[in-house]
Amino acid sequence: MAHIEPCCPSLLPETALNRCAAIRSQLRAASLFTHPSATSLEEGGTIPRATASWRISPCPLLLSRDQLAFFIALGPQLLSFYRALNRLYYESVKGAQPAWVAQYLDQGKPDALVTYSRMKRFRESLPAVIRPDVIPTQDGMVITELDSVPGGIGLTAAMSRAYEDVQTIGYQPSAISADPESSSPHRYELVGGQDGMVRGFASMLRFTQAQHDGCVAILVSEEAKDYRPEMAWLAARLREQGMPAWCVEPREIRFTEEGLRLQTDSGEQAVGSIYRFFELFDLPNIPKAELVQYAAKKNWMAVTPPYKPALEEKSAFALLHHPVLRPYWKKELGEDCFLHLTTIMPRTWILDPATLPPTATIPGLCLGERAVANWADLATATQKERHFVIKPSGFSELAWGSRGVSIGHDMPQQEWAATLQKALASFPATPYILQEFHKGRLFDMDYMDEGAQTMVPMAGRARLSPYYFVTGETVELAGILATICPADKKIIHGMKDAIMAPCAIARDASAEC
């Protein structure tokens, strides 16, 4: 697979600075990029303002045509994976598959939530937004995890607009060229296009809402409050397209005997669908959460993602690689899809402290040429042997936003052993997973140093986050957000030292942005 390359290796510094300034200005105007003197709300106190910042590059991250084809094909494959995982869970509950599958996926969940998730009317419900975290390595792409309640939807949408708009900055059309393509200011094509994220999100909501009348309520919890600015921006764009949608706090929903209602700037409206922007572990802290669940159970409105914690566990990767389940996955996914997913999804193990029989080993887990028979063997692994990541599987405040992630070879041996022991002890309430570590490849990008007003080169590793929106059997790739962290950072996530930009395809091999 071809390397990812920076988009603007020879862009004039003045032009690059002007582009960065224009992008920054547009994102600040959208309340998505922090201002030095920013408060939590816009003037007037009604629109949430972002508190995050990052390094701005003058151009998006370029992908090759082959890489774009990879991402386009990946969406339907991941939908097939979710569908097969959903079926595996229910068949495990009924006894048609090993009972330990459902036991692992339900581990640590409240009984009431498990019972609710198994209701017949939700049986076929799947996440309508799919976002994998993909790391480009020297050997190809690797998916580290899947997120069905992802942040970045509104941010990627707004950045796509900004990066589309700046293409004309510094552009000088050729007076002698007769080729319209060569004189076009558009030297890259954003994945999904300028408005792909907004259109895709809107199409997904329309399909999800189906026969339910009313507005769309994007419910953002206090735990996820940092994402309110981008979801508020996204809701405003939906209203521009004629879809009544508002980003609200759960307490703003009003319960009636006919259904849920919401007071909007257009008057009080019935709620036809809810986009759940909160994690299920946080339900006890969310006002009116039980009323929302009751309304969904009564089919008064639609909710996505569904209340199905079994589909939000990172341990699903361990199930995909488990040799006992291999025949099931091959049958449900097909040989080609199964081979592809097991290649790009790292081998993963559930950190279950149960004692193995003396003749047993942990499937596929080795230290060098030694098979691992118990976790104590792993605790004494050398630094070279512990190229693994330990992280919560799900249903925990530590299981999102790169929290709770420990990288084995980046820790002293004593700390590694303590982390492993803590993870094993947490199994009853919060299962952890052990996952192979794959190092991202290095590449170069430039960003604007606001203080010095200069362009600065940076070598970094990238996380690519494609956003897929599901409407029935159709899976649309609407955009890809790239997060590039400096090479000395061990975990790739959104931070002030990272470059964040949408992904694009060069119009032709010789194009310069």
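The values are calculated or read from the model by the stated rules, or taken from the named source; none is laboratory data. Note that this is a predicted model, so its numbers are computed, not measured. Cβ sites come from the backbone with ideal geometry, for glycine too, and all protein chains shown count toward neighbours.
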- Query: Between a first residue in the stretch 66-91 that is assigned by TED's automatic domain parsing to the domain that holds residue 475 and a second residue that is among the hydroxyl-bearing types (Ser, Thr, Tyr) and in a helix (DSSP H, G or I), which pairs have beta carbons less than 7 Å apart while being 6 or more apart in sequence or on different chains?
  - Reply: 88/328
- Message: Can you tell me which of (1) assigned to a helix (DSSP H, G or I); (2) under 10 Å from the mean Cα position of the chain (by Cα) is the one residue 151 doesn't meet?
- Response: (1)
- Scanning the stretch 266-320 for residues that are more than 19 Å from the chain's Cα centre (by Cα), outside any strand (DSSP E or B) and among the polar types (S, T, N, Q), the one farthest from residue 127 (Cα to Cα) turns out to be 266
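For residue 56, indicate whether it is β-branched (Val, Ile, Thr) and either over 20 Å from residue 137 (Cα atoms) or touching a Ser or Thr at 6+ places or on another chain (Cβ under 9 Å) (or both). So that I can check it myself, show each step before the final result.
On the way: β-branched (Val, Ile, Thr): yes; either over 20 Å from residue 137 (Cα atoms) or touching a Ser or Thr at 6+ places or on another chain (Cβ under 9 Å) (or both): yes.
The answer is yes for residue 56.
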- Note on the structure: Within the stretch 330-345, residues within 26 Å of the chain's Cα centre (by Cα), assigned to a helix (DSSP H, G or I) and under 22 Å from residue 71 (Cβ atoms) come out as 333, 336, 337, 338, 339, 340, 341, 342, 343, 344
- Message: Quick check on my filter: what residues within the stretch 111-121 are over 23 Å from the mean Cα position of the chain (by Cα) and either on the phi > 0 side of the Ramachandran plot or touching a residue at least 40 places away in the same chain (Cβ under 8 Å) (or both)?
- Response: 113, 114, 116, 119, 121
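Going through the stretch 240-265 one residue at a time, which ones are aliphatic (A, V, I, L, M) and assigned to a loop (DSSP other than H, G, I, E, B)? Steps first, answer last, please.
The first filter runs over the stretch 240-265 and keeps only residues aliphatic (A, V, I, L, M), leaving 243, 245, 248, 253, 260, 262.
The one that is aliphatic (A, V, I, L, M) and assigned to a loop (DSSP other than H, G, I, E, B): 243.
Taking the stretch 229-244 only, how many residues are within 23 Å of residue 28 (Cβ to Cβ) and either in contact with a strand residue (DSSP E or B) (Cβ under 6 Å, 6 or more places away or on another chain) or of a type outside the set (Gly, Ala, Ser) (or both)? Break it down into steps so the answer makes sense when it comes.
As a first pass, look at the stretch 229-244 and keep what is within 23 Å of residue 28 (Cβ to Cβ): 229-240.
From what is left, the residues that are either in contact with a strand residue (DSSP E or B) (Cβ under 6 Å, 6 or more places away or on another chain) or of a type outside the set (Gly, Ala, Ser) (or both) are 229-235, 237-240.
Adding up the residues that qualify gives 11.
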- Query: Based on what the data block shows, is residue 132 over 30 Å from residue 294 (Cβ atoms) and either part of a loop (DSSP other than H, G, I, E, B) or at pLDDT below 95 (or both)?
  - Reply: no
- Query: Could you give every pair whose Cβ atoms fall below 8 Å, whose first residue belongs to the stretch 382-396 and is outside the structural domain of residue 372 (by TED's automatic domain parsing) and at negative phi, and whose second residue is crowded, with 16+ Cβ neighbours inside 10 Å and assigned to a loop (DSSP other than H, G, I, E, B), counting only separations of at least 6 or pairs across chains?
  - Reply: none
- Message: Anything in the stretch 276-319 that is assigned by TED's automatic domain parsing to the domain that holds residue 143 and aromatic (Phe, Trp, Tyr)? List them, or say none.
- Response: 277, 278, 281, 294, 300, 307
- Scan of the stretch 1-39 for residues that are of a type in the set (Val, Ile, Thr) and modelled with pLDDT of 90 or more, ordered by number: 15, 23
- Item | For residue 299: the one exception among (1) surrounded by 22 or more Cβ atoms within 10 Å (Cβ to Cβ); (2) touching a residue at least 60 places away in the same chain (Cβ under 8 Å); (3) over 30 Å from residue 339 (Cβ atoms) | (1)
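Among the listed residues 454, 419, which satisfies the condition of being under 26 Å from the mean Cα position of the chain (by Cα) and either more than 25 Å from residue 493 (Cβ to Cβ) or polar (S, T, N, Q) (or both)?
Working: 454 fails: under 26 Å from the mean Cα position of the chain (by Cα).
Just a single option satisfies the conditions, and that option is 419.
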- strands (runs of 3 or more DSSP E) completely within the stretch 419-473 that count 2 or more residues being under 22 Å from residue 143 (Cβ atoms) and β-branched (Val, Ile, Thr): none
- Item | Subset of the stretch 68-115 (residues that are touching a Pro at 6+ places or on another chain (Cβ under 9 Å) and more than 18 Å from residue 130 (Cα to Cα)) | 92, 104, 105, 106, 107, 108, 109, 110, 113, 114
- Task: For the stretch 396-423, name all the residues that are farther than 29 Å from residue 150 by Cβ, surrounded by fewer than 19 Cβ atoms within 10 Å (Cβ to Cβ) and not polar (S, T, N, Q).
- Result: 412, 415, 417, 418
